[in-house]
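Report on the structure given below.
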Amino acid sequence: MSRYKLFLLRHGEGAWNKENRFCSWVDQKLSDDGVKEAHDCGKLLREQGYKFDIVFTSILSRSIQTAWLVLEAMGQEWVPVVKSWRLNERHYGALIGLNRAEMASVHGEEKVKLWRRSYDVTPPPIDVDHPYFREIYNDRRYSTCDVPVENLPRAESLKEVLDRLLPYWNNTVVPEIKEGRTVLISAHGNSCRALLKHLEGISNEDIAGVTLPTGIPVLLELDENLRSVKPRQLLGDQAKIQAAIKKVEDQGKAKPSV
Ligand SMILES: O=C(O)[C@@H](COP(=O)(O)O)OP(=O)(O)O
């Protein structure tokens, strides 16, 4: 029986989503389209009468900015926003900054799909000579985490994302839900996929077929054990949502040479 409602949200389009580059732990802001997506998401949630008690975000600006815009559009700016690196996007390691379509031309679309959507394949790790290494690990936000900066990931599979996310889910988010609070998690494509896998009991194979578009709220209905009891609902115009999912999937296709 459905006992609790939970909302998951992949942030609005970020600048590097637009450029088709793996963004991951690089702190990009929302694009103009992403700002509009976040605003539209808040407007839709307001029209449907939803009210949040607490919002959880990653420590990446695009998820925080999305949460703020959603709350503003809902007239619920006062709602607490709590941030943790454990909701960050999957660490894409050495792939960070690279263009997906170019990677598909070099390594093949299957390999890129494996890196993007498989459960337990970890991309090659980021090393100190990577152009974004210092920008990431010297950022002050990573000295505020509950693990020392040298123990933060250098690349992650989806499984490794779930491993670092689950303690936060169990110890921090679940108690809020059990208190009867309506929770929004404003995070990322892969941190939301990892949580969906856990809540819906999706198999290691089937999770490869799950892709989330930007700026679309996902409504989950959970039982008293915090397990999903109904198919997830992606709220909004279903034709547009399917087109947006296909657009994200197609980001991993090789560009035809000109
Ligand atoms: O890291 C990134 O570039 C994307 C996900 O990329 P894909 O897994 O879709 O390739 O994360 P997000 O935009 O949700 O923060």
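Each reported figure results from applying straightforward, stated rules to the coordinates on display, with no laboratory input. Given the structure is predicted, the values throughout are model-derived calculations rather than measurements. All Cβ positions, even for glycine, are placed from backbone atoms using ideal geometry, and neighbour counts span all protein chains on display.
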- Item | Stretch in the chain that is longest and holds no GluC sites (Glu not before Pro) that DSSP places in a loop and that have at most 16 other beta carbons within 10 Å | 78-178
- Gap in Å between the Cα centre of segment 85-140 and the Cα centre of segment 164-227? 22 Å
- Task: Distance check, please: which entries in LYS51/LYS253; LYS197/LYS240; LYS113/LYS197; LYS18/LYS51; LYS5/LYS197 exceed 27 angstrom between their Cα atoms?
- Result: LYS51/LYS253; LYS18/LYS51
- Message: Can you list residues from other chains, or at least 5 along the same chain, whose modelled amide H is less than 5 Å from the amide H of LYS83?
- Response: THR57
- Under 10 Å, Cβ to Cβ, from ASP120 - net charge with Lys/Arg +1 and Asp/Glu -1: 0
- Message: Among ASN151, ASN138, ASN171, which one shows the highest mean-square fluctuation when the chain is modelled as a Gaussian network with alpha-carbon springs under 10 Å?
- Response: ASN151
- Message: Need the full-extension length gain, LYS178 to CYS145, defined as separation in residues times 0.36 nm minus the C-alpha distance. One decimal, nm.
- Response: 9.4 nm
- Note on the structure: The answer for chymotrypsin sites (Phe, Trp or Tyr not before Pro) in segment 1-108 that fall in a DSSP coil and have at most 10 neighbouring Cβ atoms within 10 Å is TRP78
- Query: Of HIS198, HIS188, HIS11, which has the largest mean-square fluctuation in a 10 Å C-alpha GNM of the chain?
  - Reply: HIS198
- Query: So for segment 4-250, taking the charge dipole from beta-carbon charges (+1 Lys/Arg, -1 Asp/Glu), which of VAL70, GLY108, PRO124 sits furthest toward the positive end?
  - Reply: VAL70
- State to the nearest 20 debye the size of the charge dipole of the chain about its Cα centre, where the only charges are +1 on K and R beta carbons and -1 on D and E beta carbons. 280 debye
- Query: If the viscosity is 1.002 mPa s and the temperature 20 °C, what Stokes-Einstein diffusion coefficient in µm²/s follows for the chain when Rh is the Kirkwood radius over Cα pairs?
  - Reply: 116 µm²/s
